[in-house]
Amino acid sequence: MSRIGKLPISIPAGVTIAQDNNGVVTVKGPKGELSQKVDGSIKMKVEDGQVIFEIDENSPVNVKQKQAFHGLYRALVNNMVVGVSEGYKKELELVGVGYRVSNQGNIIEFSLGYTHPIFLQLPKEVKVETKSERNQNPQIILESCDKQLLGLICAKIRSFRMPEPYKGKGILFKGEVIRRKSGKSASAK
């Protein structure tokens with residue numbers, strides 16, 4: 001049995017959870033609304049302000065797959081509950097000479113040392129804020145109720161300039177430490 005799948009999810013105040021006949025779980029809260037399809041081999045029960053996931057022993061899916069689904073869907077629904085009640089926030093910083101970022105609504109403009117600026121249109125579920133202060137690295141603050149979408153956006157932004165180990169330049173998460181490598185050493189003759 002999955003140890004994570006056994007843990008109940010407590011439902012905070014102001015959050016409602018519903019499951020329809022097709023297995024789609026919908027979570028509504030103050031920060032938004034999210035939905036996720038749950039496999040038929042997993043049963044979900046809402047009782048006493050908690051959500052409990054159980055494995056359906058009669059489903060034709062093999063045992064290992066059922067156990068994997070048990071933990072997976074519990075974690076996905078828990079992320080949805082946390083997202084609609086508290087929300088998720090990621091902070092990125094641009095490390096490099098001349099790297100700049102600005103936003104107009106949900107369109108972010110990057111200047112990352114290429115010959116052209118890079119524009120990225122964000123979905124409406126993601127809120128963005130950029131900071132550029134003197135003598136500090138430019139920052140991007142992303143907020144959303146959808147953890148998966150937020151991670152996908154952060155990965156896309158990082159792909160524009162991946163952190164590199166020789167100079168330490170690139171787009172980093174706030175507080176991330178890059179393991180530095182030494183460059184070529186001059187050979188003594």
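The values are calculated or read from the model by the stated rules, or taken from the named source; none is laboratory data. No experiment lies behind these values; they were computed from the predicted model shown. With ideal geometry, Cβ positions are generated from the backbone for all residues, glycine too; neighbour counts draw on all protein chains shown. For accessibility, only protein heavy atoms count, side chains too; no ligands or nucleic acids. Shrake-Rupley method; radii C 1.70, N 1.55, O 1.52, S 1.80 Å.
Just subtract the alpha-carbon distance of Ser159 and Ser185 from 0.36 nm times their residue separation and send over the number in nm, one decimal.
Contour length minus the Cα-Cα distance gives 6.4 nm.
If R0 is 41 Å, what FRET efficiency do you get for Glu86 and Thr115 from their C-beta distance, rounded to 0.05?
Using R0 = 41 Å, I get an efficiency of 0.50.
Counting helices only, and only those DSSP H runs with n ≥ 4, report the 222 nm mean residue ellipticity of the chain as the sum of -39,500 (n - 2.57) divided by its residues, in deg cm²/dmol to the nearest 500. Intermediate values should be presented prior to the final figure.
Details: 3 runs with 41 residues, N = 189.
Value at 222 nm, helices only: -7000 deg cm²/dmol.
Round to the nearest 10 and give me the degree value, 0 to 90, for the angle of helix 147-160's Cα axis relative to the longest principal axis of the chain.
Around 20 degrees separate the two axes.
My understanding is that a pair violates if its Cα-Cα distance is over 18 Å; which of Lys37/Lys124; Lys31/Lys124; Lys37/Lys66; Lys45/Lys89; Lys37/Lys156; Lys127/Lys156 do that in this structure?
Correct reply: Lys37/Lys124; Lys45/Lys89; Lys37/Lys156.
In whole Å, how far is the Cα centre of the stretch 126-173 from that of the stretch 56-89?
28
What distance in nm separates the two pseudo spin-label positions at Ile178 and Gln139, each 7 Å out from Cα along the beta-carbon direction?
1.9
On a straight-distance basis, which aspartates and glutamates could pair with Lys6 in a cross-link, Cα separation under 19 angstrom, same-chain partners fewer than 8 positions away excluded?
Asp39, Glu47, Asp48, Glu54, Asp56, Glu57
Need one number: nm distance between label points at Glu47 and Thr26, each 7 Å from Cα along Cα→Cβ, rounded to one decimal.
Calculated label separation equals 2.5 nm.
So what's the stretch 31-76 giving for Rg/Rh, alpha carbon basis, Kirkwood Rh from the mean inverse pair distance?
Working: Rg = 11.6 Å, Rh = 11.5 Å.
We get a ratio of 1.01 for the stretch 31-76.
Probe radius 1.4 Å, ligands and nucleic acids ignored: give me the carbon and sulfur share of the accessible area of the chain as a rounded percent. All intermediate terms of the calculation are to be shown ahead of the outcome.
Details: 5920 of 11980 Å².
Roughly 49 percent of what the probe reaches on the chain is carbon or sulfur.
Could you work out the relative contact order of the chain? I mean the mean sequence separation of Cα pairs under 8 Å and 6+ apart, divided by the number of residues, in percent.
18
How large is the accessible surface per residue of the chain, computed with a 1.4 Å probe and reported in Å² as a whole number? Working shown, then result.
Details: 11980 Å² over 189 residues.
Averaged over the residues of the chain, the accessible area is 63 Å².
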